[in-house]
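Have a look at the structure below, then the notes.
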Amino acid sequence: MADSVEYIKDLIRTVPDFPKPGINFFDITTVLSDPKGLKLTCELMAKPWLDKKIDAVVGTESRGFIFAVPIAQILGCGFIPIRKPGKLPSKTISAEYDLEYGSDKLEIHVDAIKPGDNILLIDDLLATGGTIKACIQLVEQLGGKVAGLGFLIELAFLNPRAKLEGYNVNSIISYEKD
C-alpha cells in the first residue's frame, strides 16, 4: 500500500502561487490522466469502507464527483451529488459555509437520503473543513448517518480535523506543511 500511495503522491503536481501568491495548489489532474494512478486512488479511497455497509456515497461538487462515483461502484451502492445552488432540478435543502472572503452554499435534494442511511462523504481535498462540515450538516439534516469522510489529499497543516471531531476521517495523502 505504501508503494501505491507514493506512486499517487508522485503524480500530484504542485503549482506555486495559484490561485494567488503564497499558495501552493496541489493539482490532481495529473493523477486523473494516469490510468494506474486513477485506479489506485479510487481503490485506496474505497478500501477503509468496504466492510462498513455504506448505503450511498455523497460527492461534493465538483472534484468530489470524480472519485465518488467509482467509489460507489466499488462499494456496490449509489451516488448522491451535493451541488452549488441552482444546479439540482428538484426540491433541495441548503447549508452555508465560510470561505476565505465571504461564504457559499451547497444543496442536496430533500429525497436523496433516507433516515438511517449510512453515508460516505467523498471529496478530493480536505483543507479547512468548512465545505465538508456543510455536507455533514445536509446529510444529518435529512436523517442520514455519516459513516465516514474520505479524501485524496488532506492539508494537515491547516488542522481541519479539529472541525471534524467525532467523525471517521480517512485521507490517502497528508501534507504536514505548505
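Details
- Relative contact order, percent, segment 98-171 [alpha-carbon distance under 8 Å, six or more residues apart]: 34
- R0 of 22 Å, Cβ-Cβ distance PHE25-ALA162: FRET efficiency to nearest 0.05: 0.45
- Note that segment 1-102 shows a convex hull volume over its alpha carbon atoms of 147 Å³ per residue.
- Residues of type aspartates and glutamates that LYS87 reaches as a straight line, Cα spacing below 13 Å, ignoring anything fewer than 8 places off in the same chain: GLU61, GLU107
- Segment 103-149 versus segment 36-75: alpha-carbon centroid distance in Å: 15
- Packing-based ranking, highest mean first, of 22-35, 69-82 given that Cβ atoms within 10 Å are counted: 69-82, 22-35
- Residues whose placed amide H lies under 5 Å from that of GLY78, excluding near-sequence neighbours: VAL57
- The lysines within cross-link reach of LYS84, meaning a Cα-to-Cα straight distance under 21 Å and a gap of 8 or more places when in the same chain, are LYS105, LYS133.
- MRE, 222 nm, helices only [DSSP H, n ≥ 4, -39500 (n - 2.57), over the chain, to nearest 500]: -8500 deg cm²/dmol
- Applying the criteria of a DSSP loop state and at most 15 other Cβ atoms within 10 Å to the trypsin sites (Lys or Arg not before Pro) of segment 74-178 yields LYS87, LYS91, LYS177.
- Among the trypsin sites (Lys or Arg not before Pro) within segment 10-62, those in coil by DSSP and having at most 13 neighbouring Cβ atoms inside 10 Å are LYS52, LYS53.
FYI, it's all coordinate maths here, none of it is from the lab. Predicted, not measured: the structure shown is a model, and the values here were computed from it. No Cβ is skipped: glycine too gets one built from the backbone with ideal geometry, and neighbour counts run over all protein chains shown.
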